[in-house]
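What follows is a single structure, written as structure tokens, with notes after it.
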Amino acid sequence: MGSLTHSYSAGDVTGNTNVGGMVGMDWGFITASYYDSDYVVITEATNTIGAESFLHLTTVSWLEGKGWDFANIWDTYNDWFDYPPLRMLSSNP
């Protein structure tokens, strides 16, 4: 089994079984990973593990407090007001 560490999801989720905003089923290998509970629409949700507000998911200090690496993995865009982009996909060097 793998693990899910320091990540987020944002988008609508649908399904019939094992449905969740971040994952459908938690096998105990999820660390500091979240979904935006303010904007994600989940139908028939059976798992709300990782539910967090948009404010938390867009606040660098909150994410850093959860161990997110903004020096090497995530970018801040200096003054962004959206989800953090991966540094490797960022237009910010």
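The values are calculated or read from the model by the stated rules, or taken from the named source; none is laboratory data. Please read these numbers as outputs of a predicted model, since none were measured by experiment. FYI the Cβ positions are ideal-geometry reconstructions off the backbone, even for glycines, and counts take in every protein chain you see. What goes into the accessible areas is simple: the full protein's heavy atoms, side chains included, and nothing from ligands, DNA or RNA. Shrake-Rupley method; radii C 1.70, N 1.55, O 1.52, S 1.80 Å.
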Self-check item: Filter result (modelled with pLDDT of 65 or more, more than 10 Å from LEU4 (Cβ to Cβ) and polar (S, T, N, Q)) within the stretch 32-46
Solution: SER37
Practice problem: Among the residues of the stretch 47-72, count how many are at pLDDT 90 or above and open to solvent by less than 40 Å² (accessible area, probe 1.4 Å). | Solution: 3
Quiz item: Cβ-Cβ below 8 Å, separation at least six or inter-chain, first residue in the stretch 54-77 and free of Cβ contacts under 8 Å to residues at least 24 places away in the same chain, second of a type in the set (Ser, Thr, Tyr): which pairs?
Solution: PHE54/TYR39; HIS56/TYR34; PHE70/THR76; ASP75/SER90; TYR77/SER90
Quiz item: Say we look at the stretch 1-31 and pick out the residues that are modelled with pLDDT of 75 or more and in contact with a Phe, Trp or Tyr (Cβ under 7 Å, 6 or more places away or on another chain); which of these is nearest to GLY67 (Cα to Cα)?
Solution: HIS6
